[in-house]
Amino acid sequence: MLTRVLHTLVILLAMTTGTWAAVVEETDIDVRTREIAKTLRCTVCQTESVWESAAPLAQQMREAIRERVAQGQSAEEIRAYFHSRYGDYILMQPTAQGLNWLIWAGPFALLVLGGIFLYRALNRWVAQSPAPAPEPLSPVDDRSRDRLDRELHRTAPP
């Protein structure tokens with residue numbers, strides 16, 4: 001009886017928790033602010049975007065983004081504004097131009113160069129160490145042959 005009451009209470013609590021949740025209405029400005037803030041790096045946290053960071057500077061940057069979106073500026077204009085103030089570092093995904101090409105292409109170039117180096121080293125290693133030739137078998141003398149015959153006749157089934 002007690003378990004039934006407890007089960008019923010648990011089910012009722014599980015069903016009513018959704019009614020306490022608040023519905024958040026997002027405006028177009030909020031959506032655009034979030035999308036732009038996700039592409040900019042927080043200068044305090046360094047590994048988080050402006051949207052994810054809880055630093056006071058990130059909050060100020062989100063407000064600046066919101067104001068510029070409300071003024072009607074495009075996402076590119078807003079990113080260009082922050083880029084002019086903070087440089088390439090502010091972008092979560094740096095542009096692929098100038099020395100940044102090295103960042104984008106460097107890992108792939110190193111992978112290809114490492115593969116070429118490994119291929120050449122393995123080829124040289126295999127060419128330098130040929131497989132050892134098998135030693136020639138020595139012929140069996142008469143005494144050993146007689147012993148082998150005896151052993152085979154002893155183990156052979158009748």
Given a Förster distance of 22 Å, the FRET efficiency implied by the Cβ-Cβ spacing of Thr95 and Glu35, rounded to the nearest 0.05, works out to 0.75
Of the convex hull drawn through the C-alpha atoms of the chain, the volume per residue in Å³ is 421 Å³
If amide H atoms are modeled at 1.01 Å from N in the peptide plane, then the residues at a separation of 5 or more from Leu91, or on another chain, having amide H under 5 Å from its own are Arg41
Scalar couplings 3J(HN,Hα) for region 113-122 by Karplus 6.51 cos²θ - 1.76 cosθ + 1.60 (θ = phi - 60°), nearest whole Hz, x for Gly and Pro, are 5, x, x, 5, 4, 5, 4, 5, 5, 5
Among GluC sites (Glu not before Pro) in region 25-61, those in a DSSP loop whose Cβ has at most 14 other Cβ atoms within 10 Å are Glu25, Glu26, Glu52
Treating only Lys and Arg (+1) and Asp and Glu (-1) as charged, each at its beta carbon, one finds that the chain has a dipole about its Cα centre, in Debye to the nearest 20, of 340 debye
Most packed first (mean Cβ within 10 Å per residue), the peptides 136-146, 70-80 order as 70-80, 136-146
Once both label points are put 7 Å beyond Cα along the C-beta direction, the Gln46-Leu110 separation in nm becomes 1.9 nm
Residues whose modelled amide H sits under 5 Å from the amide H of Trp51, counting only those 5 or more places away in sequence or on another chain, are Lys38, Leu40
Of the candidates Leu99, Asn123, Leu12, the farthest towards the positive dipole end of the chain (Lys/Arg Cβ +1, Asp/Glu Cβ -1, centred on the Cα centre) is Asn123
Phi angles of region 55-63, converted by Karplus (6.51 cos²θ - 1.76 cosθ + 1.60, θ = phi - 60°) into ³J(HN,Hα) in whole Hz with x for Gly and Pro, give 5, x, 5, 5, 5, 5, 5, 4, 5
Quick calc: nm separation of the 7 Å Cα→Cβ label points for Gln60 and Ser74 -> 2.9 nm
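Values quoted throughout were computed directly from the atomic coordinates according to the rules given, and no laboratory measurement underlies them. On a predicted model such as this, the values are computed, not experimentally measured, just so you know. Glycine also receives a Cβ, built like all others from the backbone with ideal geometry; neighbour counts cover every protein chain displayed.
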